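Nothing in this text is a laboratory measurement; each read-out follows from the coordinates by a stated rule. The shown structure was predicted, so the numbers you read here are calculated from the model rather than taken from an experiment. Glycine gets a Cβ as well: all are built from the backbone with ideal geometry, and neighbour counts include every protein chain shown.
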């Protein structure tokens, strides 16, 4: 799939940042934002590059969380979500809006697993949850302007 200029710019930011902010709606319908490991970072997670290449939407993002996390209840109630990536030194940001789902395919979950994540998931596979975020809109904040694009 050929990327637009905005999509390519978005992907460049996504693939270089260490963290991403995820916003979902909690069980009361209030926005809740938290920092997450950025699994789109090519340097930190090179084993995921092939997984992302299989996705029909080139801006799809995988995230991980604990099965006991409160965010899963909110996602089950309302899958709308937002991701925000920021290059602070350039005052450059990317927002993706879309839907997040809980991945139930065990093969996909195991392919995404990273050695060392035992620190986050001491109960192992019983507590590890993989999420797939599929965006339908992007916003790029750069040079004091905002550009938007529907995907």
### Query
If you stretched the chain out fully between residue 87 and residue 68, how much longer would it get, using 0.36 nm times the residue separation minus the C-alpha to C-alpha distance?
3.8 nm
### Task
Taking only Cα atoms and a 10 Å spring cutoff, compute GNM fluctuations for the chain and point out the largest among 22, 39, 108.
108
### Cα-based equivalent ellipsoid of the chain: semi-axis lengths in Å, sorted from largest, via gyration tensor
24, 18, 14
### Query
Between residue 145 and residue 19, what length in nm is gained on full extension when 0.36 nm per residue of separation is reduced by their alpha carbon distance?
43.1 nm
### Query
What list do you get for 91, 133, 19, 144 if you sort them by fewest beta carbons within 10 Å?
144, 91, 19, 133
### Task
Rank these for me by crowding, 3, 63, 44, going from fewest to most other beta carbons within 10 Å.
3, 44, 63
### Task
Compute the distance in nm between two label points, each set 7 Å from the Cα along the Cα-to-Cβ direction, one at residue 127 and one at residue 104.
2.4
### Message
Please rank 13, 103, fewest neighbouring Cβ atoms within 10 Å first, as an exposure proxy.
### Response
103, 13
